[in-house]
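Report on the structure given below.
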Amino acid sequence: MMWKAARSAASSLRHSRRWMSTAIPGPCIVYKRGADILHDPWFNKDTGFPLTERDRLGLRGLLPPRVISFEHQYARFMESYLSLQKNTQGQPNNIVSLAKWRILNRLHDRNETLYYRVLIDNIKNFAPIIYTPTVGLVCQNYSGLFRRPRGMYFSAKDKGEMMSMIYNWPGRQVDMIVLTDGSRILGLGDLGVQGIGIPIGKLDMYVAAAGINPQRILPVMLDVGTNNPKLLEDPLYLGLRQPRLEGDEYLAVVDEFIEAVHARWPKAVVQFEDFQMKWAFETLDRYRKRFCMFNDDIQGTAGVALAGLLGAVRAQGRPLTDFANQKIVVVGAGSAGLGVLKMALQAVSRMIESTADSHFFLLDKDGLITKERKVIDPAAAPFAKSHSEIEGLGLGEGSSLIEVVKKVKPHVLLGLSGVGGVFNEQVLRAMRESDSTKPAIFAMSNPTANAECSAADAFKYAGENIVFASGSPFENVDLGNGKVGHVNQANNMYLFPGIGLGSLVSGARIITDKMLQAAAECLASYITDEEIQNGILYPSIDSIRDITAEVGAAVLREAVAEEVAEGHGDVGLKELSHMSKEETVQHVKNNMWFPIYSPLVHEK
């Protein structure tokens, strides 16, 4: 049965030609021969090298004599994966997830072309393994899992050397860089150098969803120490054993790295990922007007959330302009929560030409944030409530979540707190009294253990007539009588690949707020009215390449409109500015890499 399932997967591979050019792929020049090629995962085809290639590359005798087709290799891997799945049934989830990650990682280490084809064709099943939520488990155990280096590591000890170090990377061209300092990995906190798993997973999604050429990606860990005592005492820990740098010392390290990257690859797009809040906002403000960069936790999360919030308005049968009247309670005043509020406020301002934000309520671990609070983070200050705004509701500084929900009766309850279960039974039941005919509950924290509530609890306690979204995947909920409670995964994977790809293909000098808003609005419009009425806010991840192409094209068009685009490759600004909407989508698709074995030609 497993072999039949693997054969079926190979059959679907033969028919999945939408993203593959029908032309014979051009040759790829290599500067290696013999075993060196077999040890290079980018060029290695395993037993797929044809006999003529084996002759000209010095591979005869180094491989078994039979040539195995790409389809057969694909089916063989899928059979191994399905066998693993069967043999691990009944074991704890973390053990099963890591076993699946290992088998995919081994393929990644050996044969990148086959790895990315398997990933693209099975994205719905494999994204939770290479990305959220398993990537959090991988980061927690990374020092013990480490086998083969991937990406680059710049540490506080490398100060003064980064401009020369950047040339140690063998790739001549880099289009996409994902950078972390490991200070706030998902909802898991400071994981130091082990946070490198996040850039690796994000860039795998860039390849699978956006078609970024994997030879042109670079995961980066900026190791400035860790304040995690367990890691500092762990004999296997691979990072610097020192407290985190702070203040000007910290910024000097980031500055030096950014300058080095820009010097070698001035057109590369840099994505900041999982920085603690104070540095997330500081670095975004510091670099966004000078380099083509964005922070996914602040801006990507905000865009995905905004798309879902606009969908929730549609689910109520109301016009999108009614978004300005939505009462939204946000739990979590970190970079993600504040990013959502900032983008939501921008959307409201465009709709009603006002900066009023009286319908937004922000809570942190100390409760409702008001202007009466003695110490307020500057980034949260614009969303602090004044006494006059809340006295009529019977709320005050530090009011608890249950108090706020009961008295505000919000249309939307949105969690980005990183605190698992904070939307408890009492809070969810209070959402039954929402002023919305179809209240929305967004439990967006990752990984799964940190979700504010489960899908099952949301539908059980808040009622069947809700719209539910989560950051990590949950199964749809059987409501009985043939009804289904749809689970929407409000994950950044719907946006960041398109933001990066659109910025790259447009040749954008910087990434503006309007480019990000265009991405969010494009995602929101992707869902049909019929799907919205059924509680579906986000499209199926199976169509992630189509979604990314549409989002990327929207970003490209806005970059041209704002005059920050310079063109990319052979297509200049003049050509981009004369493209129709349909032509921009096709242009973005034409720039998406697809994994297929190319003929290899040796050159000395």
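Quick notes on this structure:
For every residue, the table says whether it meets (1) under 24 Å from Leu306 (Cβ atoms); (2) among the hydroxyl-bearing types (Ser, Thr, Tyr).
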{"site": "Leu393", "(1), (2)": "no, no"}
{"site": "Val412", "(1), (2)": "yes, no"}
{"site": "Ser417", "(1), (2)": "yes, yes"}
{"site": "Ala430", "(1), (2)": "no, no"}
{"site": "Asp435", "(1), (2)": "yes, no"}
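- Residue match in segment 317-325 (condition: polar (S, T, N, Q), at pLDDT below 95 and within 30 Å of Gly415 (Cβ to Cβ)): yes
- Meets criteria (under 30 Å from Thr528 (Cβ atoms) and in a helix (DSSP H, G or I)) for Phe323: yes
So that you can scan it fast, the table gives a plain yes or no per residue for (1) touching a Ser or Thr at 6+ places or on another chain (Cβ under 7 Å); (2) of a type in the set (A, V, I, L, M, F, W, C); (3) closer than 25 Å to Gln299 by Cβ:
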| site | (1), (2), (3) |
| --- | --- |
| Ala344 | no, yes, yes |
| Asp364 | no, no, yes |
| Gly394 | no, no, no |
| Val405 | no, yes, no |
| Val412 | no, yes, yes |
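- Residue in segment 369-381 that is in a helix (DSSP H, G or I) and buried (at least 18 other Cβ atoms within 10 Å of the Cβ) present: no
- Candidate set: segment 450-474, residues that are free of Cβ contacts under 8 Å to residues at least 40 places away in the same chain and under 22 Å from Gly201 (Cα atoms); chosen: the one surrounded by the fewest Cβ atoms within 10 Å (Cβ to Cβ): Phe474
- Close pairs from segment 166-184: first hydroxyl-bearing (Ser, Thr, Tyr), partner surrounded by 15 or more Cβ atoms within 10 Å (Cβ to Cβ), Cβ under 6 Å, at least 6 apart: Thr180/Gly195; Thr180/Ile198; Thr180/Pro199; Thr180/Glu273; Thr180/Asp274; Ser183/Asp190; Ser183/Phe275; Ser183/Gln276
- Residue match in segment 337-350 (condition: in a strand (DSSP E or B), surrounded by fewer than 24 Cβ atoms within 10 Å (Cβ to Cβ), at pLDDT 90 or above and charged (D, E, K, R)): no
- Across segment 246-258, the number of residues qualifying as surrounded by 14 or more Cβ atoms within 10 Å (Cβ to Cβ) and among the charged types (D, E, K, R) comes to 2.
- Test: residue in segment 415-425 that is on the phi > 0 side of the Ramachandran plot and either buried (at least 16 other Cβ atoms within 10 Å of the Cβ) or in contact with a helix residue (DSSP H, G or I) (Cβ under 9 Å, 6 or more places away or on another chain) (or both): yes
- Cβ-Cβ contacts under 8 Å between residues 6 or more apart (or on different chains), taken from a first residue in segment 532-550 that is closer than 30 Å to Asn590 by Cβ to a second residue that is among the basic types (Lys, Arg) and assigned to a helix (DSSP H, G or I), are listed as Ser540/Lys124; Ile541/Lys124; Asp542/Lys124; Ala549/Lys589.
- Positions within segment 567-581 being within 26 Å of the chain's Cα centre (by Cα) and on the phi < 0 side of the Ramachandran plot, in sequence order: His568, Lys581
- Residue within segment 131-152 that is in the same structural domain as Val178 (by TED's automatic domain parsing), in contact with a strand residue (DSSP E or B) (Cβ under 6 Å, 6 or more places away or on another chain) and closer than 22 Å to Ile196 by Cβ present: yes
- Taking segment 421-523 as the region of interest, the helices (runs of 4 or more DSSP H) fully inside it that hold 3 or more residues being modelled with pLDDT of 95 or more and under 28 Å from Trp593 (Cα atoms) are 496-506.
- Counting only helices (runs of 4 or more DSSP H) that sit wholly inside segment 34-110, those with at least 1 residues that are in contact with a Phe, Trp or Tyr (Cβ under 8 Å, 6 or more places away or on another chain) and more than 30 Å from Pro128 (Cβ to Cβ) are 35-38.
- Just one of the listed residues (Thr132, Thr113) is in contact with a Ser or Thr (Cβ under 7 Å, 6 or more places away or on another chain) and either crowded, with 22+ Cβ neighbours inside 10 Å or part of a helix (DSSP H, G or I) (or both), namely Thr132.
- Check on Lys589, surrounded by fewer than 16 Cβ atoms within 10 Å (Cβ to Cβ), of a type outside the set (Asp, Glu) and either touching a helix residue (DSSP H, G or I) at 6+ places or on another chain (Cβ under 7 Å) or touching a residue at least 24 places away in the same chain (Cβ under 8 Å) (or both): no
- Residue check, Tyr81 closer than 17 Å to Pro595 by Cα, at pLDDT 90 or above and either surrounded by 14 or more Cβ atoms within 10 Å (Cβ to Cβ) or touching a Gly at 6+ places or on another chain (Cβ under 8 Å) (or both): no
- Inter-residue pairs, beta-carbon under 9 Å, first within 22 Å of Ala449 (Cα to Cα) and touching a residue at least 24 places away in the same chain (Cβ under 8 Å) and in segment 140-159, second in a helix (DSSP H, G or I) and of a type in the set (D, E, K, R), 6+ apart: Leu145/Arg102
- Every pair of residues 6+ apart whose Cβ atoms lie under 9 Å, when the first sits in segment 233-257 and is within 16 Å of Asp158 (Cα to Cα) and in the same structural domain as Leu191 (by TED's automatic domain parsing) while the second is part of a loop (DSSP other than H, G, I, E, B) and basic (Lys, Arg): Glu249/Lys159; Tyr250/Arg244; Ala252/Lys159; Val253/Lys159; Glu256/Lys159
- Leu191 free of Cβ contacts under 8 Å to residues at least 60 places away in the same chain and either under 24 Å from Leu251 (Cβ atoms) or touching a His at 6+ places or on another chain (Cβ under 6 Å) (or both): yes
- Residue list for segment 271-293, filter: touching a Ser or Thr at 6+ places or on another chain (Cβ under 9 Å) and in a strand (DSSP E or B): Phe272, Met293
- The requirement of being touching a residue at least 40 places away in the same chain (Cβ under 8 Å) and touching a Leu at 6+ places or on another chain (Cβ under 8 Å) is satisfied by Leu137.
The values are calculated or read from the model by the stated rules, or taken from the named source; none is laboratory data. Since this is a predicted model, take the numbers as computed values, not measurements. Reconstructed Cβ throughout: ideal geometry from the backbone, glycine too, with neighbour counts over all protein chains shown.
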